[in-house]
Amino acid sequence: MSGVRRLRIRAATEEDLPHIVRLDEEAFPADPYPYFVLRQLLASFPDFVFVLDDGEGLGGYVLSTPPNAAQSWILSLGIAPGLRGQGLGKQLMTQILGHLRAEGVHSVTLSVEPRNHAAIALYQSLGFTADPGGPRQDYFGPGAHRLLMTLSL
Ligand SMILES: CC(C)(COP(=O)(O)OP(=O)(O)OC[C@H]1O[C@@H](n2cnc3c(N)ncnc32)[C@H](O)[C@@H]1OP(=O)(O)O)[C@@H](O)C(=O)NCCC(=O)NCCS
């Protein structure tokens with residue numbers, strides 16, 4: 001994906017699946033979502049998966065959930081390594097948050113690895129606040145602690 005082409009944020013389609021799988025592996029090399037999970041998420045919530053498209057390839061993705069009692073989750077966010085630090089992650093988040101607000105969401109929650117300072121700074125810059133109790137121990141299994149962050153829309 002070229003950094004100079006025009007970038008568009010749009011809802012994902014089934015054809016995007018292999019590209020989202022690749023982006024997820026680049027974003028989370030130690031623990032990517034299994035292919036079948038991404039396929040099922042995309043099939044279940046197609047309007048809640050946004051991608052960053054330059055017309056030739058994808059440079060980022062964000063996975064969210066439809067509202068349940070006016071609450072949604074951001075399940076994953078990733079920007080291709082060569083495109084980080086250019087404001088694209090923030091743009092993707094801003095777009096999906098606008099979509100969630102329009103869908104009646106009042107509260108958005110996400111989990112983040114407590115040492116992922118780049119992601120935590122991004123979420124704080126959007127107004128997310130961390131669980132005052134600190135990271136939840138063993139949230140994703142033994143040793144996999146996670147900080148929960150929430151934004152009121
Ligand atoms: C986290 C991630 C999505 C950020 O995307 P990005 O496009 O690089 O971020 P942006 O350029 O939009 O940055 C927005 C804000 O995030 C923060 N930020 C981004 N990268 C940062 C870094 N390396 N160090 C500190 N803060 C950082 C800053 O507050 C920044 O605002 P600023 O540019 O005004 O300082 C990207 O680094 C990534 O894909 N990482 C691997 C996957 C991951 O960790 N996903 C989040 C899991 S919860």
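Here is how the numbers come out for the structure above:
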read-out: First in the range 123-134 and of a type in the set (Val, Ile, Thr), second anywhere and more than 12 Å from the ligand (Cβ to nearest atom), Cβ under 7 Å, 6 or more apart; value: THR129/THR150
read-out: The lone exception for ASP131 - which of (1) surrounded by fewer than 19 Cβ atoms within 10 Å (Cβ to Cβ); (2) within 13 Å of the ligand (Cβ to nearest atom) it fails; value: (2)
read-out: The listed residue being closer than 25 Å to LEU151 by Cα, modelled with pLDDT of 95 or more, within 15 Å of the ligand (Cβ to nearest atom) and in contact with a Gly (Cβ under 7 Å, 6 or more places away or on another chain), out of LEU110, LEU52, LEU75; value: LEU52
read-out: Residues of the range 93-128 that turn out to be among the hydroxyl-bearing types (Ser, Thr, Tyr) and loosely packed, with under 14 Cβ neighbours inside 10 Å, as a count; value: 2
read-out: Output for the range 22-44, where each listed residue is buried (at least 17 other Cβ atoms within 10 Å of the Cβ) and either among the aliphatic types (A, V, I, L, M) or not in a helix (DSSP H, G or I) (or both); value: LEU23, ALA27, PRO32, TYR33, LEU38, LEU41, LEU42
read-out: Among the candidates GLY55, GLY89, GLY59, residue that is touching a strand residue (DSSP E or B) at 6+ places or on another chain (Cβ under 9 Å) and assigned to a helix (DSSP H, G or I); value: GLY89
read-out: Subset of the range 62-83 (residues that are touching a residue at least 12 places away in the same chain (Cβ under 8 Å), part of a loop (DSSP other than H, G, I, E, B) and out of contact with any His (no Cβ under 7 Å at 6 or more places or on another chain)); value: THR65, PRO66, PRO67, ALA80
read-out: Filter result for THR150 (surrounded by fewer than 17 Cβ atoms within 10 Å (Cβ to Cβ), part of a strand (DSSP E or B) and not small (Gly, Ala, Ser)); value: yes
read-out: Boolean, LEU97 is more than 16 Å from PHE28 (Cα to Cα) and in a strand (DSSP E or B); value: no
read-out: So TYR61, is it surrounded by 21 or more Cβ atoms within 10 Å (Cβ to Cβ), among the aromatic types (Phe, Trp, Tyr), under 20 Å from ILE20 (Cα atoms) and within 14 Å of the ligand (Cβ to nearest atom); value: yes
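Residues are listed down the side, and each one gets a yes or a no for (1) aromatic (Phe, Trp, Tyr); (2) touching a Gly at 6+ places or on another chain (Cβ under 8 Å); (3) within 12 Å of the ligand (Cβ to nearest atom):
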site: LEU17; (1), (2), (3): no, no, no
site: TYR35; (1), (2), (3): yes, no, no
site: PRO46; (1), (2), (3): no, no, no
site: ILE79; (1), (2), (3): no, yes, yes
site: THR94; (1), (2), (3): no, no, yes
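The values are calculated or read from the model by the stated rules, or taken from the named source; none is laboratory data. Only a predicted model underlies this, so the values are computations on that prediction, with no experimental measurement involved. Backbone-built Cβ (ideal geometry, glycine too); neighbour counts: all protein chains shown.
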